1. Here are some conditions: (1) assigned to a helix (DSSP H, G or I); (2) in contact (Cβ under 8 Å) with a residue 12 or more places away in the chain; (3) under 22 Å from Asp266 (Cα atoms). Ala167 meets all but one. Which one does it not meet?
2. Going through the stretch 1-43 one residue at a time, which ones are open to solvent by 60 Å² or more (accessible area, probe 1.4 Å), over 23 Å from Gln105 (Cβ atoms) and assigned to a helix (DSSP H, G or I)?
3. What number of residues in the stretch 233-248 are of a type outside the set (Gly, Ala, Ser) and either surrounded by 23 or more Cβ atoms within 10 Å (Cβ to Cβ) or closer than 17 Å to Met40 by Cβ (or both)?
4. Are any residues in the stretch 77-104 closer than 19 Å to Asp266 by Cβ and open to solvent by less than 10 Å² (accessible area, probe 1.4 Å), and if so, which ones?
5. Which condition number in (1) open to solvent by 20 Å² or more (accessible area, probe 1.4 Å); (2) within 25 Å of Ile112 (Cα to Cα); (3) out of contact with any Gly (no Cβ under 8 Å at 6 or more places or on another chain) is the one that Leu190 fails?
6. Looking only at the stretch 217-252, count every residue that is part of a helix (DSSP H, G or I), aliphatic (A, V, I, L, M) and more than 30 Å from Val181 (Cα to Cα) and tell me the total.
7. Please count how many residues of the stretch 57-92 are in contact with a Ser or Thr (Cβ under 9 Å, 6 or more places away or on another chain) and at pLDDT below 90.
8. Sort out which residues of the stretch 115-143 are in contact with a Leu (Cβ under 9 Å, 6 or more places away or on another chain), open to solvent by 20 Å² or more (accessible area, probe 1.4 Å) and part of a helix (DSSP H, G or I), and write them in order of number.
Amino acid sequence: QIFTKKIFQNGGDGQVLSLLICGTAVSCQYLADAGVDTPMFQSFLNYGLLLLVYTSALSARRGEKNLWQVLRANWWKYLVMGLSDVEANYTVVKAYQFTTLTSIQLLDCFVIPVLMLLSWFLLKTRYRVVHFVAVGVCLLGVGAMVGADILAGRDQGSTQSVLLGDALVLLSAALYAVSNVCQEDTVKRLSREQFLGMMGLFGTVFSGIQLAVLETQAVASVQWDLHIILLFALYALCMFALYSFMPVVVKMTSATAVNLSLLTADLFSLFCGVFLFHYNFSALYVVSFVVIIVGFVMFNAVPTYSALPEGGPDDEEAPEVQEVPGPDNIYYRLIYNLFNCLIHLILLILCDGQIKGSLFFQCI
């Protein structure tokens, strides 16, 4: 059967992740319109939230699952994971300064073949012909989206140094693939909490160092007001929700399947841009969305073989680890509550900060 409950659930979860990425894109666009250029500071806010919530929870644990024991066992893997994630976020943002939007949208798909290759060798994942066909269908959908951008006359951005910009996009895609493979291995072999706690710890360290070196003056020059603060809060909450919820979806599917579903994120951003930034609309955007979803369904209709277990220790082990019952439900409730907060923030931002104090504190 193709249209099963699991496929619908996985597809819906993937689109939730795409909507969160769309939220980060919209907030970044508003910040750019306000003259704010602080990509590393924005990443630092997200990693700081992960540190505050998940790394603190790990440090409060006792026994073999506490922070010190986790670091002793796999510190090098988490270091690679954190460094690759931080640099992937940074290099793709820098690429916008040198190359065109079309190049970024096309070359960013390089993450999928790299991820499949790494999964094949490191995670022992085995794909069938239908999976490669499904990836090709998804990439056709991306091609339709890029074609729609060109036909709609969308601003293509900088062409300052296209070769350098393209290289940065490819580097970013490869780094994302490394981070995603580490994520899938960690959440399926160990636990989501370990992945998020370690990402918060190493991500905060590496992004904090780069922030201090590269963006101190940029952050100091920001003209802070309520509108800018709300935009930063929207970005940080979207990223925090994305990082918190993505391991849940990866555990149920795979990093490759999640990245295929994330191809629709640019389309959600474009749909928002039609209303918020007056982009020209093209019917090819709808065609692109449908083609990507068809490819995603094809990929998930036939299971892949993987040496990784379906469930991790966090699902089965002692009551000490199961500090709160029903972890999946807790994650879904967390995302639901964060969405409520994000909706309030979006309404406040669209009102240009002209709000009553009671509504602001209700949002917080």
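1. Only one criterion is unmet by Ala167, namely (2).
2. Result: Lys5, Lys6, Phe8, Gln9.
3. First, pick out the residues of the stretch 233-248 that are of a type outside the set (Gly, Ala, Ser): 234-235, 237-240, 242-243, 245-248.
Narrowing further to those that are either surrounded by 23 or more Cβ atoms within 10 Å (Cβ to Cβ) or closer than 17 Å to Met40 by Cβ (or both): 234-235, 238-240, 243, 246-247.
Here the count works out to 8.
4. Ala88, Ala95, Thr99, Ile104
5. Of the numbered conditions (1) open to solvent by 20 Å² or more (accessible area, probe 1.4 Å); (2) within 25 Å of Ile112 (Cα to Cα); (3) out of contact with any Gly (no Cβ under 8 Å at 6 or more places or on another chain), the odd one out for Leu190 is (3).
6. 8
7. Qualifying residue count, the stretch 57-92: 6.
8. First, pick out the residues of the stretch 115-143 that are in contact with a Leu (Cβ under 9 Å, 6 or more places away or on another chain): 123-125, 134-135, 138-139, 141-143.
Those left that are additionally open to solvent by 20 Å² or more (accessible area, probe 1.4 Å): 124, 139, 143.
Once the filter is applied, which keeps residues that are in contact with a Leu (Cβ under 9 Å, 6 or more places away or on another chain), open to solvent by 20 Å² or more (accessible area, probe 1.4 Å) and part of a helix (DSSP H, G or I), the stretch 115-143 yields Leu139, Gly143.
The values are calculated or read from the model by the stated rules, or taken from the named source; none is laboratory data. This one's a predicted model, so the numbers in the text were calculated from it and none came from an experiment. Backbone-built Cβ (ideal geometry, glycine too); neighbour counts: all protein chains shown. In case anyone asks, the SASA skips ligands and DNA or RNA and just uses the protein heavy atoms, side chains included. Shrake-Rupley method; radii C 1.70, N 1.55, O 1.52, S 1.80 Å.
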